[in-house]
Structure formats: C-alpha cells, structure tokens
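A.B. asks: Structure provided below as structure tokens; questions to follow.
The values are calculated or read from the model by the stated rules, or taken from the named source; none is laboratory data. On a predicted model such as this, the values are computed, not experimentally measured, just so you know. Virtual Cβ from ideal backbone geometry, glycine too; neighbours counted across all protein chains shown. For the accessible areas, the whole protein counts, side chains as well, though only heavy atoms, and no ligand, DNA or RNA atoms are used. Shrake-Rupley method; radii C 1.70, N 1.55, O 1.52, S 1.80 Å.
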Amino acid sequence: MHDISARSNTEIKGAVLSRLVQLALRYIYSDQPAERFRELLELIAKVSRDPTALDILESLLRYFVQGTGRLDEQQARTLLEQTFSGEPLMETFIDRYIAQGKQLGEQHGRATTLLHLIERKFGPPSEPIRERITQADSDTLLRWFDRAIDARNLDEVLH
C-alpha cells in the first residue's frame, strides 16, 4: 500500500490512464469533489478515442457517485456535458449511464419493499433469502411481490 495523498499533481506522473487512477484515489476525500472530478474528466477527454476510455469513465462515475456519494447524479451529468459537449459517443454514454443508475435505484427500492413486506408477514428473512432478493432482477422482484401479497409462507413467494 502506498499513500499518494501527500504527492502533488506534478509528482503523479505517467501515462494518462495511470495518472487518472492515482488522482481519482487521491481526490476522493477532497473538499471540492466536483472540481476534482472535472479535472479527471479532462484527463479522460485526452484519451477519449482509447477503447477503454468509456469503461474507465464508467468506473470513475460509479466510484465518485455511487460508491462514495461525493457527487450526485446531476452534478456528474453537468460536468460530463461541460467536458464532452458535442461528442455524440459521450452524449450517448451519459444517457445510458443515467438510465442505468435510475434502473438500479428502482431495483433497489423494489428489493427493499419486498424485504419489508416479507418481514412483516413472515418474520425476518434469513441472510441467504435477503441476498437472493437483493440480487434478483426487476421482473422477478415484481413477480415475488405479487405472490407475497397472498402467500401463506415464504416458499410460496420464492418458488
């Protein structure tokens, strides 16, 4: 393990992608996460033609927005649009990323609601049941929710 928090930006050298990763790790606790995120986006813009750039951008977004909560979806979208305005590939990516985030949020909400219903009706579910529910897709969760309303036991819900 190596602490890079004390290194200046100029000391963090190397290829753009290597710098990007190191700086993302360094910036995560910055008191100006939006400004630091903007700097990282500018690095990605330099390599936007690289086939891995979109994967790296997606990982960076998940790290800053979903993993740490340092930025919200709207802040990230605004910064992305400012950095990559007019680039059709990036605009498509932004729309896809936001849609995925909404879908994950809806899926999490459905799982939470189903777990609450099961707990009220049948008692606290076991950890394997909780995991099965939180890993289920939206269609399965909806089907289980419908079954849970009339089910007499948990087996009738999850069969």
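A.B. asks: Quick test of your reading of the structure: R110 fulfils all but one of (1) under 30 Å from D146 (Cβ atoms); (2) open to solvent by less than 70 Å² (accessible area, probe 1.4 Å); (3) modelled with pLDDT of 75 or more. Name the failing condition by number.
C.D. replies: The number of the failed condition is (2).
A.B. asks: Give the stretch 105-130 a look and list any residue that's among the acidic types (D, E) and within 28 Å of D72 (Cβ to Cβ), or say none. It would help to see each step written out before you state the result.
C.D. replies: Our first condition is that a residue be among the acidic types (D, E); within the stretch 105-130, this holds for 106, 119, 127.
Across the stretch 105-130, the qualifying residue is only E106.
A.B. asks: Read through the list (1) farther than 15 Å from Y97 by Cα; (2) at pLDDT 75 or above; (3) not aliphatic (A, V, I, L, M), then give the number of the only condition that D72 fails.
C.D. replies: In the conditions (1) farther than 15 Å from Y97 by Cα; (2) at pLDDT 75 or above; (3) not aliphatic (A, V, I, L, M), D72 misses (1) alone.
A.B. asks: If the requirement is being over 30 Å from A136 (Cβ atoms), part of a helix (DSSP H, G or I), open to solvent by less than 80 Å² (accessible area, probe 1.4 Å) and at pLDDT 70 or above, which of these qualifies: L17, L23?
C.D. replies: Working: L17 fails: at pLDDT 70 or above.
Of the residues listed, the single one that is over 30 Å from A136 (Cβ atoms), part of a helix (DSSP H, G or I), open to solvent by less than 80 Å² (accessible area, probe 1.4 Å) and at pLDDT 70 or above is L23.
A.B. asks: What number of residues within the stretch 113-142 satisfy the criterion of being charged (D, E, K, R), over 22 Å from the mean Cα position of the chain (by Cα) and exposed (fewer than 14 other Cβ atoms within 10 Å of the Cβ)?
C.D. replies: Result for the stretch 113-142: 3.
A.B. asks: Against the condition at pLDDT 75 or above, open to solvent by 40 Å² or more (accessible area, probe 1.4 Å), out of contact with any strand residue (DSSP E or B) (no Cβ under 8 Å at 6 or more places or on another chain) and part of a helix (DSSP H, G or I), how does R152 come out, does it pass?
C.D. replies: No: the conditions fail for R152.
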